[in-house]
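The numbers here are math on the coordinates, done by the rules we state, and not lab data. Model, not experiment: these values are computed from the prediction. Cβ placement follows ideal geometry from the backbone for every residue including glycine, while neighbour counts extend to all protein chains displayed.
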Amino acid sequence: MSNKNVFFNPFSKSNPVLVQILGICSVLAVTAKLEPAIVMGLSVIAVLAFSNVIISLIRNTIPTNIRIIVQLVVVAGLVVIVSQLLEAYAYDVSKQLSVFIGLIITNCILMGRLEAFAMANRPWPSFLDGVGNGIGYSIILVITGFFRELLGSGTLLGYQVIPQCLYDAGYVNNGLMILPPMALIVVACIIWAQRSYNKDLQENQ
Amino acid sequence: MENLNLFIRSIFVDNMIFAYFLGMCSFLAVSKNVKTAFGLGIAVTFMLTITLPINYLLNTYVLSSGALVWLSPEFADIDLSFLSLIVFIAVIASMTQLVEMAVEKYAPALYASLGIFLPLIAVNCAILGGSLFMQQRDFTSVGTALCAGAGWGIGWLLAITAVAAVRERVAQYSNVPAPLRGVGIAFIITALMGIAFMSFLGIKI
């Protein structure tokens with residue numbers, strides 16, 4: 001697989017969220033507003049890219065029996081750095097994300113990519129794979145956050161987008177969009193759209 | 001009484017799946033038939049019930065600010081809470097390993113039915129999530145941590161078994177639009193069940 005495919009495939013054809021079904025927890029939990037969704041996406045890109053590089057560098061020295069623990073420790077170290085940085089420079093957002101920054105450690109995308117790619121490839125392709133998958137994940141995060149914030153609160157990134165005259169004419173925000181279950185429905189709609197376009201991804205059960 | 005209330009709340013109101021979406025990856029992958037879903041549910045309940053009290057003790061007597069006072073009064077201003085992510089995940093990973101070995105030795109029948117799920121649990125976000133919530137909510141005693149852990153575990157078990165039962169029927173009897181088959185419809189089923197669980201909000205004993 002060429003480096004270009006490694007980087008661009010995760011955007012749609014092998015998207016970590018829609019196709020590999022990894023890392024769903026955070027997609028659903030942090031997308032009630034757009035801003036935390038973007039910050040979460042950036043954090044995951046950073047952690048994924050660097051943990052891929054580190055694991056790829058030491059892949060030949062890790063004993064197979066304890067590789068899961070080694071991977072977890074590398075990831076946990078990076079996540080601690082990210083969470084301390086966020087607390088220092090973006091305190092409000094890190095409050096909103098609460099436990100979900102810590103939960104990047106158990107984000108299945110990380111373990112999935114480390115196991116499937118970084119353990120078997122050289123550092124540079126692993127870095128591209130990490131960034132590519134991170135972006136693929138962030139795309140879904142941002143789309144979901146965009147629709148939930150727009151329809152749920154009528155704002156984007158905290159700015160009022162839906163004009164006041166619409167509210168005067170009787171428009172109301174859909175409060176259901178802010179509640180947790182609607183995240184599932186929005187992601188299901190994205191899956192629906194992507195699979196009706198990409199017919200070979202459809203399951204036949 | 002308070003603990004009982006917390007236990008019930010953890011099962012129905014603060015449900016790991018429907019309110020926080022933790023452990024969604026394995027939830028979606030395994031909820032295709034009731035039997036395996038139940039097996040994984042039991043394993044998760046077991047791990048949550050064990051790791052939460054252990055992590056509570058570590059958090060209170062080692063990690064949180066001033067927790068080391070019992071060793072010597074000089075340690076009163078030491079705050080190790082930045083290490084909590086790494087410590088929690090290490091406890092979870094090693095407990096998983098330990099429980100796996102113990103179950104293999106003393107209960108081969110149980111091991112045969114849980115076997116493949118036990119190692120997966122180390123990276124199930126519901127387990128780490130439970131410990132992080134415990135830290136965030138300042139639980140006051142080991143009993144509280146134990147009740148919350150057991151409650152979250154049973155809630156997870158309930159959720160995955162219920163959704164697996166619905167998915168089995170849907171796969172057999174209904175004509176789902178092709179792009180939604182498999183994962184898509186599983187998202188929507190979970191969302192509808194989540195909305196149903198919201199009727200438990202405000203439950204008190």
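Miscellaneous remarks
- For peptides A:173-181, B:147-155, A:7-15, A:145-153, sequence by mean Cβ density within 10 Å, most packed first: B:147-155, A:145-153, A:7-15, A:173-181
- Selected from B:Pro108, B:Tyr56, B:Phe88, residue furthest toward positive end of dipole (chain B; charges at beta carbon): B:Pro108
- The magnitude of the dipole of chain B, with charges of +1 and -1 set on the Cβ of Lys/Arg and Asp/Glu and taken from the Cα centre, is near 920 debye.
- Using the rule -39500 (n - 2.57) for each DSSP H run of four or more residues, divided by the residues of chain A, the 222 nm mean residue ellipticity is -20500 deg cm²/dmol.
- The label-point distance for A:Arg122 and A:Gln84, in a model that sets each label 7 Å from Cα toward Cβ, rounds to 3.3 nm.
- Where a label projected 7 Å from the Cα of B:Leu110 along Cα→Cβ would reach, residues of the stretch B:25-44 with amide N under 13 Å: B:42-44
- Magnitude of the charge dipole for the stretch A:23-198, about its Cα centre and with charges confined to Cβ atoms of Lys, Arg (+1) and Asp, Glu (-1), is about 480 debye.
- Here the peptides A:85-93, B:47-55 are ranked by packing, the mean other Cβ count within 10 Å, and the order with the highest first is B:47-55, A:85-93.
- Cα gyration tensor category, rounded, prolate or oblate, for the stretch B:84-205 with a/c compared to 1.5: oblate
- Each Lys and Arg Cβ is given +1 and each Asp and Glu Cβ -1; about its Cα centre, the stretch B:88-205 then shows a dipole of about 280 debye.
- Helix-only CD estimate at 222 nm, as mean residue ellipticity for chain B, using -39500 (n - 2.57) per DSSP H run (n ≥ 4): -21500 deg cm²/dmol
- Peptide B:129-141, shielding by other chains (average Cβ, 10 Å cutoff): 2
- If you take the alpha carbon atoms of the stretch A:23-198 and fit the smallest convex hull around them, that volume is 129 Å³ per residue.
- Shielding score for B:15-21, defined as the mean number of other chain Cβ atoms within 10 Å: 4
- Cα gyration tensor shape of the protein assembly as shown, rounded if a/c is under 1.5, else prolate or oblate by comparing a/b with b/c: rounded
- Farthest towards the positive end of the charge dipole of chain A, among the residues A:Gly102, A:Gly112, A:Ala29, is the Cα of A:Gly112, using unit charges on the Cβ of Lys, Arg, Asp and Glu.
- Taking the square roots of five times each eigenvalue of the Cα gyration tensor of the stretch B:1-72, the equivalent ellipsoid has semi-axes of 31, 15, 11 Å, listed largest first.
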